[in-house]
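The values are calculated or read from the model by the stated rules, or taken from the named source; none is laboratory data. Because the structure is a prediction, the values reported are computed rather than measured. FYI the Cβ positions are ideal-geometry reconstructions off the backbone, even for glycines, and counts take in every protein chain you see. The accessibility values were calculated without ligands, DNA or RNA, using every heavy atom of the protein model including side chains. Shrake-Rupley method; radii C 1.70, N 1.55, O 1.52, S 1.80 Å.
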Amino acid sequence: MPSVTRLQITPLAESFAAEVEGIDFSKPIDDNLFEEFRDAVHKYGVVIIRKTALDDDSAIALGRRFGELDSVRAHRLAGRAMRIPNDEIFDVGNLDDKNQVVTVKDPHRTASANGNALWHADGAFNPRRTGVSILRGVELPPKGTGGHTEYLDTRTAYDDLPEEKKKEIEDLVGCNSLFHNRKTANPDSPLFLDINPMDHPLAKHKIAQMHEPSGRMNLYVTSYTHHIDGMDLERGQGLIKEIFEHVQQDKYKFVHHWHENNDVAIWDNCAVLHRATHGEYEGKYRRDMRRVSVFDTGSTAYGENDVSTYWQQGLP
Ligand SMILES: [Fe+2]
């Protein structure tokens, strides 16, 4: 049953995810209402809001209320052509810098799309990980052509682990690499054949850690997690596989079907995993998706990484 406060919160799955109504994003949001909203994001892990009035600027402003924003500045400075002028907007749809639908003729974008279709937490491959992501469906493809977003409840998956497994993974640190995800997703692509993730900096984050806003433990094993720090490679990768398969069970999954332009999904990357899905729309219909990424504001945002040498993983 929906609970009624200033927000109307309707749970969408058994253990997580909710639809939220009751915020008019075309007007200023007072602190109390925002706190209630932020609490819902942290509690449910994924919050869906239908037909919002958010645009690029107000989505960025909303993101800033959650915390400091990540940006694409480094990529722009590296010379990558960008469709959207704003550094705080991650352009994650299927349109190129000329505003045309990406096709398989673009190997880089195709590789990224394949990578994002694997389960992940945004920013896990960076030393400072992402907390909240705000994803807006600015222009959706025709209904029935795919492009839904899927989520996993990694806190409940942690709760369900046997006590001895919780103990075993308590202090283990995962080494995360964007290259690992891309290689896995694109095994035949010449773009990654000669890349060994271990030749590049890896972001170290514990594979089980406290989600501070909810006080619940969370599993942080994703398609970026290449090996376990200090553990024999094969043994560590076996353990990663075991945990990763555990969290991917259907009982932990929620599927978000995008309905209308400007529907918004907000999730907490420290509490859920997500993935994009392939669909008929690819190479054919416009799917303009824009994300604002908020750095994790918790005490483990930088994981086990040396904060004095900040780096960000990027791809050609
Ligand atoms: Fe993502």
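Ignoring GluC sites (Glu not before Pro) that are buried or in helix or strand per DSSP, and keeping those with at most 16 other beta carbon atoms within 10 Å, what is the longest stretch of the chain between them? List each step's numbers first, then the result.
Working: sites that count: Glu14, Glu68, Glu170, Glu260, Glu280, Glu304.
Longest gap between qualifying sites, sites excluded: 69-169.
Students often forget the sequence filter, so: which aspartates and glutamates lie under 17 Å Cα-Cα from Lys204 once same-chain residues fewer than 8 apart are removed?
Asp122, Glu170, Asp171, Asp229, Asp232, Asp296, Glu304, Asp306
Testing the spin-label approximation: label points 7 Å from Cα along Cα→Cβ at Leu233 and Thr5. State their distance in nm.
It is 4.9 nm.
Of all accessible surface on the range 3-309 at a 1.4 Å probe, what whole percent is carbon and sulfur?
Taking all protein chains in place, the range 3-309 shows 49 percent carbon and sulfur surface.
Hey, any idea what the orientation-averaged projected area of the convex hull of the chain's Cα atoms comes to, in nm²?
Over all viewing directions, the chain projects a mean Cα-hull area of 16.2 nm².
Considering only the chain, what is the antiparallel percent among its DSSP beta bridges, to the nearest 5?
Around 95 percent antiparallel, to the nearest 5.
In deg cm²/dmol and to the nearest 500, what is the mean residue ellipticity at 222 nm of the chain if only DSSP H runs of at least 4 residues count, each as -39500 (n - 2.57), divided by the residue total?
Working: 8 runs with 76 residues, N = 316.
When only DSSP H runs of four or more count, the value is -7000 deg cm²/dmol.
Counting only heavy atoms of the protein chains, get the accessible area per residue of the chain (1.4 Å probe) and round it to a whole Å² value.
46
Using a cut-off of 16 Å between alpha-carbon atoms, which aspartates and glutamates can reach Lys51, once sequence neighbours fewer than 8 places away in the same chain are excluded?
Glu19, Glu21, Asp24, Glu139, Glu260, Asp263, Asp288
In the range 126-148, which residues have a backbone nitrogen under 14 Å from the label point lying 7 Å from His257's Cα in the Cα-to-Cβ direction?
Hits in the range 126-148 for His257 at 14 Å: 142-148.
Taking a cut-off of 26 Å between Cα atoms, list the lysines near Lys206, but don't count ones fewer than 8 places away on the same chain.
Cα-Cα hits under 26 Å: Lys43, Lys165, Lys166, Lys167, Lys183, Lys241, Lys251, Lys253.
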